[in-house]
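First the structure, in the form of structure tokens, and then the observations on it.
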Amino acid sequence: MASVDELRRKFERIKQDMETEVKVALIGQPGAGKSSLINNIVGRKIFEVGVHTDTTVEMHEKKLSEGLTIVDLPGYGTKRFRIEDWLREFRPEQYDLYLFVFDGKLLDADATLFQNLKKWRSEREHPFFIVRNKEDDIYDDEKSLDELKAEITKDVCGKMQNRSEKVYFTCCRKDRGIKGVEELKQDILGVNISKIKQSKLMAEFRASSIRDLDAKKSICLDKLDYYAWAGAAGGLIPIPGVDIAADIPLIMKMFSSFREIFGIENNVKTILYELGTAAAQKAIPVAEKLFETATKEGIKILLKQFASKELKKSVTKYIPIIGWVVSAAAGYNIIKEIGVNYINDCHEVAKAELEYFTQNQK
């Protein structure tokens, strides 16, 4: 068992990592589908679609539970906001990553913004992505789609003053097929920012492959250390075998966090029933258990079960040590084991559910 000071230092480091935020700015042309795009990347409704217009003069911010903040900034190059005024008022240089989304002709104000994006990427290591949304609306009866996309890319590169700048072409309409979003999402996840901030993005983005789910599992296991140390530091099990005075809200929060990272929502059982596959049928009782054990009574039962196992291992191991160190060691091990089991169950359910979301992206 680590010393009290070592335990506290490790707990504070993990806590600091968990409290780190990554801020993503949505910028570009009004009506270009920024809300639809970010909703598709994250896999759930972050912003209402179609409610922000070119008359919007305020930013719209959404803080997600795992340390990701999405900020939809108002348009610029208008009478209300000249680009220079916009840069001063909203200080876009503060964000970690930018999605510039457009669906029409680029203007001089866009060229000014592009030069700032390049500067922030170079000086602050704040990457950006240029997205031409609504690919399904790109049309000219005298030119092919590839020719038109090449022209758009050339225009962007000209205003960017960079011959090799990549332009992502996306479509977020299910009735016409979701296009380009997966490539964009994977490139965002692979961007050169800190490992901690990358994990924040992965935690919030909808998984679209087994590899994504495995990455989410690793994130949950890292977070589990925080909750286990928090339990140890708080003395969740004051005297092993005598009383269970667990901080049930902490464990409920832990379970909720793991479900959110895996994208498991209350309707998961309905989705699994609809799928009807062997894997889905097998995962249904596991999904039921996820929610049953996340109640106060369910957690009490889990604690008694795992505490009983831990006592058999720890009583002789820690004699003649008594008091806080014993309780901290037992509390850490108990929550760690409970958490690992819950994460494995989440992974199994999310893996079965993955087929449903894959079908709905086509």
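Details
- All conditions in (1) touching a helix residue (DSSP H, G or I) at 6+ places or on another chain (Cβ under 6 Å); (2) basic (Lys, Arg); (3) surrounded by 15 or more Cβ atoms within 10 Å (Cβ to Cβ) hold for Lys45, with the sole exception of (3).
- Qualifying residue in the stretch 149-156 (condition: within 19 Å of Val181 (Cβ to Cβ), assigned by TED's automatic domain parsing to the domain that holds Glu93 and of a type in the set (Ser, Thr, Tyr)): yes
- The number of residues in the stretch 67-84 being surrounded by fewer than 21 Cβ atoms within 10 Å (Cβ to Cβ) and within 28 Å of the chain's Cα centre (by Cα) comes to 3.
- Filter result for Asp17 (at pLDDT below 85 and within 30 Å of Phe357 (Cβ to Cβ)): yes
- Residue selected from the stretch 261-291 under the condition acidic (Asp, Glu) and at pLDDT below 95, by the criterion nearest to the chain's Cα centre (by Cα): Glu265
- Applying a threshold of 6 Å to beta carbon distances and a minimum spacing of six or more residues, or different chains, the list of pairs starting in the stretch 221-244 at a residue that is assigned by TED's automatic domain parsing to the domain that holds Phe258 and ending at one that is modelled with pLDDT of 50 or more and among the acidic types (Asp, Glu) reads Gly234/Asp247; Leu236/Asp247.
- The single residue among Asp85, Asp72 that is in contact with a His (Cβ under 6 Å, 6 or more places away or on another chain) and at pLDDT 90 or above turns out to be Asp72.
- Filter pass, Glu297 being touching a Lys or Arg at 6+ places or on another chain (Cβ under 8 Å), part of a helix (DSSP H, G or I), assigned by TED's automatic domain parsing to the domain that holds Gly231 and without any contact (Cβ under 8 Å) to a residue 60 or more places away in the chain: no
- Set Lys200, Lys216, Lys223: member being out of contact with any helix residue (DSSP H, G or I) (no Cβ under 6 Å at 6 or more places or on another chain) and over 16 Å from Ile251 (Cβ atoms): Lys200
The values are calculated or read from the model by the stated rules, or taken from the named source; none is laboratory data. Nothing here was measured: the structure is a model prediction, and the numbers come from that model. Glycine gets a Cβ as well: all are built from the backbone with ideal geometry, and neighbour counts include every protein chain shown.
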